[in-house]
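Here the structure is laid out as structure tokens; the discussion comes afterwards.
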Amino acid sequence: MLVFGQELARQAQVLSEKIVIHLDELLPHIQSADTGTEIQGVALSKFSPGASDQNKLLRVLTALDHLFAQKKPDTAGESGVEETKKQDLLSTLYRNSTFNALWEKLSACLSAIRQRESLLNVATILLPLIEALMVVCKDSAQAEASTSSTQVSKDMVLSSPQPESRMAGLFFTFTEDHRRILNELVRNNPALMKGTFSHLVKNPKVLEFDNKRNWFNRSVHNKQQTNHRPFPTLQLQVRREHVFHDSFRSLYFKSGEEMKFSKLNIRFHGEEGVDAGGVTREWFQVLARQMFDANYALFVPVSSDRTTFHPNKLSGINDEHLLFFKFIGRIIGKALYEGRLLDCYFSRAVYKRILGKPVSVKDMESFDPEYYKSLSWMLSNDITDIITETFSVEDDEFGVTKVSDLCENGRNIPVTEENKHDYVRLVVEHKLLSSVKEQMENFLKGFHDIIPAELISIFNEQELELLISGLPDVDIDDWKSNTEYHNYTPSSPQIQWFWRALRSFDKEEVAKLLQFVTGTSKVPLNGFKELEGMNGINRFNIHRDYGNKDRLPSSHTCFNQLDLPEYENYETLRRQLLKAITAGSDYFGFA
């Protein structure tokens, strides 16, 4: 088998040398073309489907990967020495100078294509070569992603894993540089995510939301039930005013598989109507509203928005509260499994907990704006001889003060200038997660009965909200007519550019901007005139940021406020705004 592999590697080397020459010939044609039809003749014909060298290279590399990549010695007695020789063969091939030149030339061609809107279809011609790169990077990307997932930076909540090898570096750099083209290829051919492009989930921030959602929906239904017998339909008859409680009594003691795979058939007591799907859809919506009913004491609204909820740390007043949280987790998982949208919105900390991500001080802003301001002040100022806190917190539980240590013997450890970052990190974790640990653990047990953790982890917290609750219908004219300005006017160039940029965004980007400035993607029922903040109605407002013009826009979700620097042109404003809503929130930390 090693001899066979050596011959395949030799063929891959020969093919890669020819393709480098072909790419060299193709690049100037791309750079000089205005439309895809202008790229004709010999340069393009060498990449035509069928017998082209790039297709041959893909087949050779796929065969090598199938034979050698990350395989343990087989039961026939293959020696560790033989396996090491195989891995060395692949390593030598993948790291040779010709392959390096091949990926550089491919990247140059894709960069030239990306700069011309009309040439995106040309990228399809290079698809086999892109797939070949994915095969080469597969094992490095998987190993790197696995390593990086266990290392969480306190200063950068979500960041590209730092490549520890050249191949991992190639994968992350290539996918981030060409994310737009890769997403367009996946959008036009979703089946790619079943093959070599499936490795993109190892760097999920390069995938756009619609492609992630399509991959998730396919993947969650590919998880086969362990019991192959079909589950019977679950018949539920519920009273409309008691939907949550009646549904809990009917469904809680079903197994996770029954909940996941059984079809629901819902009847509202005293109401006619056959459930052809519409009644179930209504049941999900009524159930989603009732689980926030104050009488159950399961959730409390966050301080800045009465329609966004966080688990109630005092939910124990309800004897069945942990059972209810597990049930709610299952219901949300079932809705995701069936592609149902729910009218429910949680705090950013809840979404992060579902994804297994750490919370940051920024997540405190909508939860408790006043406390957030005090923590921000602490981080920004020298607290020597000013702060008298210790590494503990006092919680009021029904009139009784309870002291909780944030670390061992925390009540006897004073907060100092040197350790204040650790204090803020721990107190934020306590307020948002540790104080509701049991509630969230039971919620996650129910959720993971339906949705595997490894599938949902592809999303970030903003996208998870959109997955659960759907992309909002945003009336930009209504938004604009209910906006206030501070140190800007409606005629200021930056304001004109802002609304122009917003109208150029797709639906997902508009939703993420709404999340960025208000903390949620929910649009008030009667429009933006009823947008709420921490003190009641608080319309969207844009403030001039007099700081460095290179800064990203920032937001204060408790006031629905956007701080917009005085950018010098439209292109800069649009680019910085997009960066803020897609990546800026990743960098809020404790520094």
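Whether any residue in segment 488-499 is within 29 Å of Gly339 (Cβ to Cβ) and out of contact with any Asp or Glu (no Cβ under 7 Å at 6 or more places or on another chain) is what I want to check.
Narrowing segment 488-499 to residues within 29 Å of Gly339 (Cβ to Cβ): none.
No: segment 488-499 contains no residue that is within 29 Å of Gly339 (Cβ to Cβ) and out of contact with any Asp or Glu (no Cβ under 7 Å at 6 or more places or on another chain).
Taking helices (runs of 4 or more DSSP H) that fall entirely within segment 324-421, which contain at least 2 residues that are in the same structural domain as Val286 (by TED's automatic domain parsing) and of a type in the set (Asp, Glu)?
Hits in segment 324-421: none.
Quick check on Ser304: is it modelled with pLDDT of 95 or more and polar (S, T, N, Q)?
Here the answer is no, as Ser304 does not meet what is asked.
Could you run through segment 188-210 and say how many residues are under 11 Å from the mean Cα position of the chain (by Cα) and within 16 Å of Ile456 (Cβ to Cβ)?
Summing the residues that are under 11 Å from the mean Cα position of the chain (by Cα) and within 16 Å of Ile456 (Cβ to Cβ) in segment 188-210 gives 5.
Taking the stated definitions as given, is Ile413 over 30 Å from the mean Cα position of the chain (by Cα), at pLDDT 95 or above and over 21 Å from Glu463 (Cβ atoms)?
So Ile413 fits the description; yes.
Would you mind finding the one in Glu17, Glu7 that is modelled with pLDDT of 85 or more, over 19 Å from Ile130 (Cα atoms) and assigned by TED's automatic domain parsing to the domain that holds Leu129?
Glu7
Cβ-Cβ below 7 Å, separation at least six or inter-chain, first residue in segment 563-578 and in the same structural domain as Ala511 (by TED's automatic domain parsing), second charged (D, E, K, R) and in a helix (DSSP H, G or I): which pairs?
Tyr570/Arg500; Leu578/Glu509
Mind checking which residues of segment 155-179 are in a helix (DSSP H, G or I), modelled with pLDDT under 90 and surrounded by 14 or more Cβ atoms within 10 Å (Cβ to Cβ)?
Filtering segment 155-179 for residues in a helix (DSSP H, G or I) gives 166-177, 179.
Right, trim to modelled with pLDDT under 90 and you get 166-170.
Result: Met167, Ala168, Gly169, Leu170.
Can you confirm whether segment 441-462 contains a residue that is over 29 Å from Tyr252 (Cβ atoms), part of a helix (DSSP H, G or I), under 23 Å from the mean Cα position of the chain (by Cα) and not assigned by TED's automatic domain parsing to the domain that holds Gln561?
For segment 441-462, residues over 29 Å from Tyr252 (Cβ atoms), part of a helix (DSSP H, G or I), under 23 Å from the mean Cα position of the chain (by Cα) and not assigned by TED's automatic domain parsing to the domain that holds Gln561: present.
Step by step: first the residues of segment 486-537, then only those that are touching a strand residue (DSSP E or B) at 6+ places or on another chain (Cβ under 8 Å) and hydroxyl-bearing (Ser, Thr, Tyr), then the one that is nearest to His310 (Cα to Cα). Which residue is that?
Residue satisfying both the conditions and the ranking: Thr520.
For Ala123, only one of the following conditions fails: (1) under 29 Å from the mean Cα position of the chain (by Cα); (2) buried (at least 20 other Cβ atoms within 10 Å of the Cβ); (3) modelled with pLDDT of 90 or more. What is its number?
(3)
Filter segment 310-326 down to residues that are in contact with a Ser or Thr (Cβ under 9 Å, 6 or more places away or on another chain) and either over 21 Å from Glu465 (Cβ atoms) or modelled with pLDDT under 95 (or both), then give me how many there are.
Looking only at that region, the number is 4.
Looking at Asp319, Asp305, Asp293, Asp368 in this structure, which one is of a type outside the set (Lys, Arg) and free of Cβ contacts under 8 Å to residues at least 12 places away in the same chain?
When all the criteria are applied, what remains is Asp319.
Here are Ser404, Ser366: which of them is under 30 Å from Leu464 (Cβ atoms), surrounded by fewer than 17 Cβ atoms within 10 Å (Cβ to Cβ), touching a Ser or Thr at 6+ places or on another chain (Cβ under 7 Å) and of a type in the set (Ser, Thr, Tyr)?
Ser404
In this structure, does Phe528 turn out to be among the aromatic types (Phe, Trp, Tyr) and within 30 Å of Lys326 (Cβ to Cβ)?
no
Going by the structure shown, is Phe325 more than 30 Å from Asn538 (Cα to Cα), of a type outside the set (D, E, K, R), more than 27 Å from the chain's Cα centre (by Cα) and buried (at least 18 other Cβ atoms within 10 Å of the Cβ)?
No: the conditions fail for Phe325.
Among the residues of segment 528-559, write down those that are of a type in the set (A, V, I, L, M, F, W, C), within 19 Å of Asp368 (Cβ to Cβ) and under 26 Å from the mean Cα position of the chain (by Cα). Before you say what the answer is, go through the steps one by one.
Within segment 528-559, the first condition is being of a type in the set (A, V, I, L, M, F, W, C), and the residues that meet it are 528, 531, 534, 537, 540, 542, 552, 558-559.
From the residues that got through so far, the ones that are within 19 Å of Asp368 (Cβ to Cβ) too are 534, 558-559.
Answer for segment 528-559, where residues must be of a type in the set (A, V, I, L, M, F, W, C), within 19 Å of Asp368 (Cβ to Cβ) and under 26 Å from the mean Cα position of the chain (by Cα): Cys558, Phe559.
Across segment 29-60, what is the number of residues that are in a helix (DSSP H, G or I), over 25 Å from Lys138 (Cα atoms) and either modelled with pLDDT of 90 or more or touching a His at 6+ places or on another chain (Cβ under 6 Å) (or both)?
Residues meeting the conditions: 1.
Restricting to segment 9-35, name every residue that is within 15 Å of Phe99 (Cβ to Cβ), aliphatic (A, V, I, L, M) and touching a Leu at 6+ places or on another chain (Cβ under 9 Å).
Within segment 9-35, Ala9, Ala12, Leu15, Ile19, Val20, Leu23 meet the criteria.
Yes or no, residue by residue, for (1) farther than 29 Å from Val206 by Cα; (2) of a type in the set (Phe, Trp, Tyr):
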{"position": "Thr390", "(1), (2)": "yes, no"}
{"position": "Leu433", "(1), (2)": "no, no"}
{"position": "Glu438", "(1), (2)": "yes, no"}
{"position": "Phe447", "(1), (2)": "no, yes"}
{"position": "Ser457", "(1), (2)": "no, no"}
{"position": "Ser481", "(1), (2)": "yes, no"}
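Mind listing just one residue for me: the one in segment 180-217 that is under 16 Å from Leu129 (Cβ atoms) and not in a helix (DSSP H, G or I) and, of those, modelled with the lowest pLDDT?
Step by step, filter segment 180-217, then rank; the result is Gly195.
The values are calculated or read from the model by the stated rules, or taken from the named source; none is laboratory data. Keep in mind the model is a prediction, meaning the values are calculated, not measured. Neighbour counts run over all protein chains shown; Cβ positions are idealised from the backbone, glycine included.
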